[in-house]
Amino acid sequence: MTSNYTYICEECKSESISFDERLGELICNDCGLVIVREMFEETVLPLDKLGNTIHSPDRGKLGSFIKGKVGKIPAHRLNRGYSTHLNKGLSFCKIVLANFTSSKSIRNRCEEVYIELYRKNIISKASYEDRACAIVYFCLLENNTPVKYADVCSVEFQSDKSRVIKLVKKIKKNYRRVTKPIDYRYEIERVANQVLSDVSFINQCLDTHNYFHAIITESEYNIPITYPMAICWIASNVNCRSDITATLIHKKCNISRWAIRNTTNNLLELIGKKEINEIKGKKLI
């Protein structure tokens, strides 16, 4: 109860009136009549041990937002243990990485690498955009699922490739790890999805890769960067897909048709074929 108010009880004419802050009511201390109720009469406020009302400030609960140059970020999504600058950098990494994979393990690895490099002051002079591109590139490379510098630099922020390459060199020097053999299944899946986002086509490309991979392993054939595009073209012909053409692959992947055709012919030689038409509609054994 708070101090008395100068009201008169209509029931018993008593002037001993008190205001209950918790219930929002004026009450006669003599007869108990409720004289005035506030608009939000169902509101019940928390009290401390002495019976006083506790007024809680907004502490960034669900629905609150933190404003910054990158727009509004839900406060509940930020790690409270990190500084604003660190959280901002991690957000940039997540934005870039989302274009290549949804792997939680790679996402956690990017965060781990970023925090370590940040605290060692290795990436402090680079922009948030360059940091994100370099760290995502390194973590994908470390995971045997590499992407091109041009792709990682242009997918979101149009970062300068030369700056990102220099930053990746610093990161490699810090970790001093030997790069493992490339996992071409990831690259095949990525390129196939880029050509046509269709699960059946992606699986057809992976099956074609599995067939050629066993043959390539036993040969001295050096796999070029156009290998995934050639696999897509071969898979399209083997499965008689009229929706996938060499022109489509060329446009989607920004690789010349000549380069794709040349790699395709080299792969066909490994299985004793000369022309793409020789495998059209035929199952690879």
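The values are calculated or read from the model by the stated rules, or taken from the named source; none is laboratory data. Values in this document were obtained by computation on a predicted structure and should not be read as measured data. Note that each Cβ is placed from the backbone with ideal geometry, even for glycine, and that neighbours are counted across all protein chains shown. The protein model used for the area step is the full one, side chains on, heavy atoms only, and it has no ligands, DNA or RNA in it. Shrake-Rupley method; radii C 1.70, N 1.55, O 1.52, S 1.80 Å.
Each Lys and Arg contributes +1 and each Asp and Glu -1, all at the Cβ; summed about the Cα centre of region 149-223, the dipole is approximately 920 debye.
For the set LYS88/LYS252; LYS104/LYS125; LYS94/LYS148; LYS148/LYS283; LYS169/LYS251, the pairs lying more than 26 angstrom apart at their alpha carbons are LYS88/LYS252; LYS104/LYS125; LYS148/LYS283; LYS169/LYS251.
Any chance you could tell me what percent of the C-alpha pair distances in region 84-221 go past 25 Å? Taking all Cα-Cα pairs of region 84-221, the fraction more than 25 Å apart is 31 percent. Packing, as the average of other Cβ atoms within 10 Å across residues, places the peptides 225-232, 151-158 in the order 225-232, 151-158, highest first.
Leaving out ligands, DNA and RNA, what percent of the accessible area of region 214-277 is carbon and sulfur, probe 1.4 Å?
Whole-percent figure for carbon plus sulfur exposure: 47.
Surface analysis of region 130-235 yields an accessible area of 50 Å² per residue, using protein heavy atoms and a 1.4 Å probe. Gyration tensor analysis over the Cα atoms of region 225-285 returns equivalent ellipsoid semi-axes of 18, 14, 8 Å (largest first, whole Å). In this rough spin-label picture, where each label sits 7 Å from Cα along the Cβ direction, the GLU218-SER242 distance is 3.7 nm.
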